[in-house]
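The block underneath contains the structure these notes are about, expressed in C-alpha cells.
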Amino acid sequence: MATFEEKQAILAPLIKAVILLLEDEDFIETNPGEPVLTSELFHHMCGLYPGLRVNHLYDRRENIRKRLSYMKNGHLKEADIIPDIIVHRIGAKEDNLLVVEAKRHPKTDDGDDVWKLEGMTAEGPYHYTLGVHITFQVPKKAITQAVVYSEGHIDAETTVWLKAALPLID
C-alpha cells in the first residue's frame with residue numbers, strides 16, 4: 001500500500017496536466033465533448049511520468065481485453081472495460097500506477113466509472129495504486145468533482161488533498 005507521500009507524488013503530474021488543460025484558451029473556447037477532453041488530458045500527461053507509459057483508452061492486458069467482475073442487482077456480472085487514461089509499465093502489474101476516468105459537467109451517471117475505479121484499484125488482476133474520478137466544467141476552467149480511489153475504495157485523505165490542489169468549484 002502506498003504512503004500518503006507516494007500518493008501525492010503520483011498525483012502531482014496529473015494536477016499539472018489538469019491545470020495546463022484548463023489554461024488552454026483554444027480548448028476552453030471550443031468546450032469539447034468527453035472524448036476530446038480525455039484525449040487532451042492524456043496529451044498533457046504524456047512525458048510527466050518518466051519511465052512509465054501514459055495510455056489513452058487502453059483496452060488490453062497483454063493480448064486479452066481488460067475485464068472486470070462486479071455485483072449488480074444481486075448478480076455477478078462481467079464486462080469489458082476501457083479506462084480513459086492509465087499510467088503503467090506494460091506487462092508489469094506492480095507498476096500499474098494510476099487510472100483516470102474523466103467526465104464533463106454536468107454528468108449524472110457515474111456508476112460505470114465508480115465500479116471501474118473500485119475494481120481496477122482493488123487487489124486483483126490490475127491493482128492500480130490509485131484511481132481518480134474527475135469532472136471538468138470546461139467553460140468555467142474548473143473541476144466540479146475529484147475523488148481518489150485506493151485499494152478498491154475511496155481514499156478520503158488523498159481526495160481532500162487532491163481537491164485542495166485543483167481549481168475546484170461546487
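When Leu117, Leu168 are checked against the criterion of being among the hydrophobic types (A, V, I, L, M, F, W, C) and buried (at least 21 other Cβ atoms within 10 Å of the Cβ), a single residue qualifies: Leu117. Pairing residues of the stretch 2-19 that are in a helix (DSSP H, G or I) with residues that are among the β-branched types (Val, Ile, Thr), at Cβ distances under 6 Å and at least 6 apart in sequence or on separate chains, gives Lys7/Thr158.
Residues that are touching a Lys or Arg at 6+ places or on another chain (Cβ under 8 Å) and either surrounded by 20 or more Cβ atoms within 10 Å (Cβ to Cβ) or not charged (D, E, K, R) (or both) within the stretch 15-43 comprise Leu22, Ile28, Gly33, Leu37, listed in sequence order. Residues that are assigned to a helix (DSSP H, G or I), under 19 Å from the mean Cα position of the chain (by Cα) and not β-branched (Val, Ile, Thr) within the stretch 24-55 comprise Glu34, Pro35, Leu37, Ser39, Glu40, Leu41, Phe42, His43, His44, Met45, listed in sequence order. Only one of the numbered conditions (1) at pLDDT 90 or above; (2) within 20 Å of Ala12 (Cβ to Cβ); (3) out of contact with any Asp or Glu (no Cβ under 7 Å at 6 or more places or on another chain) is not met by Val138, and that is (2). Only a single criterion out of (1) of a type outside the set (Asp, Glu); (2) in contact with a His (Cβ under 6 Å, 6 or more places away or on another chain); (3) at pLDDT below 95 is not satisfied by Lys103, namely (2). Of the listed requirements (1) within 19 Å of Leu117 (Cβ to Cβ); (2) among the hydrophobic types (A, V, I, L, M, F, W, C); (3) in contact with a strand residue (DSSP E or B) (Cβ under 8 Å, 6 or more places away or on another chain), Cys46 misses just one: (1).
The values are calculated or read from the model by the stated rules, or taken from the named source; none is laboratory data. Note that this is a predicted model, so its numbers are computed, not measured. We place every Cβ from the backbone using ideal geometry, glycine too, and count neighbours over all the protein chains shown.
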